[in-house]
Amino acid sequence: MRFFERLAARIDRTDSVVSVGLDPDPSRIPEFLADADLPRWAFNRRIIDATHEHAACYKPNAAFYEDPDGWRALRETAAYAAGKDVPVLLDAKRADIGNTTRQYAEVLDWVDAITVNPYMGRDSLQPFLDREGKGVFVLCRTSNPGGSDLQDLELGSGEPLYERVAALADVWNADGDVGVVVGATTPEELRDVREIVPEVPFLVPGVGAQGGDAEAAVEHGLAAYPYGDADVDVGLVNSSRGIVFAGEESSRPGEEETYFGAAGDAAKRLKRRLNRYR
């Protein structure tokens, strides 16, 4: 099954396009998990238990797992999410050349999709593109303020760089497993990219703690994907801190249910908020 086919099935089943960002910042993991063998894994497991009914996808960011215990926690997390039948998209922004990028692509043995950086061109992404049935989300127009430093630069053709990246991602989408990353904090660019790639699903970060435009994220971030007897609008709108740390005020021993219940409630609220625009 192709990645977006599986994602379409998940979106259809849960009536949700919410991507839950699993970013277990060690400095913010609640006190009652401090003595766990792998605190990040213990945290993620409880977040998954609380949110999976409302999650189309989980998006762990590799930055929070870049140590031996972290990678163990990430693999446990991916396996647990798979047991709940929720796809896992690793936000790693990887790319390189030659054997290095082939090594990076091996992470797709145990996650369903990955974000990649297109700055080094197609050959740096080819090992990811070659992985049958795995999703590849190409950074296009990011949600951070400094994204404009390069992404908005005007090319000789008159188009900004991010629009060229979107057009290239469409070319690279020969097998139907490529999406693009466009931030919700730039709604005009969301619209512009959608006009360039009408059939490519988006991963839209920036809704939640970054204050991105939820309506624009839904209006422009989803693309019709054939599933069963009808099309399903496929795309992902991500919130990380706004969900996983929603219960942060209840982080003392004895408050576990309140803490993780708040994460479940936050995921449910975001699902309902986004569904108003679908």
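The values are calculated or read from the model by the stated rules, or taken from the named source; none is laboratory data. Note that the structure is a prediction, hence the values are computed from the model and not measured. Glycine gets a Cβ as well: all are built from the backbone with ideal geometry, and neighbour counts include every protein chain shown. Quick note on the areas: whole protein, heavy atoms, side chains included, nothing else; ligands and nucleic acids left out. Shrake-Rupley method; radii C 1.70, N 1.55, O 1.52, S 1.80 Å.
When all alpha-carbon pairs of segment 151-278 are counted, what percent fall beyond 21 Å? Before the final figure, lay out the partial values.
Numbers: 3970 of 8128 pairs.
Counting every Cα pair in segment 151-278, those more than 21 Å apart make up 49 percent.
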Potential extension, residue 224-residue 110 segment - 0.36 nm per residue separation minus Cα distance: 38.3 nm
Unit Cα scatterers, Debye sum, the chain: log10 I(q)/I(0) for q = 0.07, 0.08, 0.16 Å⁻¹: -0.23, -0.31, -1.25
Rounded to 5, the percent of DSSP beta bridges in the chain classed as antiparallel: 20
Choice from 168, 222, 190 with maximal GNM fluctuation in the chain (Cα, 10 Å cutoff): 168
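Quick one: dipole size for the chain, taken about the Cα centre, charges +1 on Lys/Arg Cβ and -1 on Asp/Glu Cβ, in debye to the nearest 20.
380
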Dipole of the chain, positive end: most advanced residue of 157, 97, 186 [Cβ charges, Cα centre]: 186
At R0 = 41 Å, FRET efficiency that the Cβ-Cβ distance of residue 97 and residue 275 yields, to 0.05: 0.45
Amide N of segment 25-51 lying under 16 Å from the label point, which is placed 7 angstrom from the Cα of residue 258 along Cα→Cβ: 30-33
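With all protein chains present, how much of the accessible area of segment 25-90 (probe radius 1.4 Å) comes from carbon and sulfur, to the nearest whole percent?
Numbers: 1260 of 2790 Å².
Solvent-exposed carbon and sulfur of segment 25-90 make up 45 percent of the total.
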FRET efficiency, 1/(1 + (r/R0)^6) with R0 25 Å, evaluated for residue 82 and residue 15 via beta carbons: 0.75
Between helix 3-14 and the chain: long-axis angle, C-alpha atoms, 0 to 90°, nearest 10: 50
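Using only helices, what value at 222 nm comes out for the chain when you add -39,500 (n - 2.57) per DSSP H run of length 4 or more and divide by the total residues, to the nearest 500 deg cm²/dmol?
-12000 deg cm²/dmol
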Accessible surface, per residue, of the chain when the full set of protein chains is kept, probe 1.4 Å, Å²: 44
Highest-MSF residue in the chain out of 169, 36, 50 [GNM, Cα springs under 10 Å]: 36
Stretchable slack from residue 1 to residue 25, in nm (0.36 nm times residue separation minus alpha-carbon distance): 5.3 nm
Sparsely packed GluC sites (Glu not before Pro) within segment 194-278, loop by DSSP, other Cβ within 10 Å at most 15: 199, 248, 249
Within the accessible area of segment 186-267 (1.4 Å probe), percent carbon and sulfur: 41
Choice from 12, 35, 25 showing the highest fluctuation, given a GNM over the chain with Cα pairs closer than 10 Å: 35
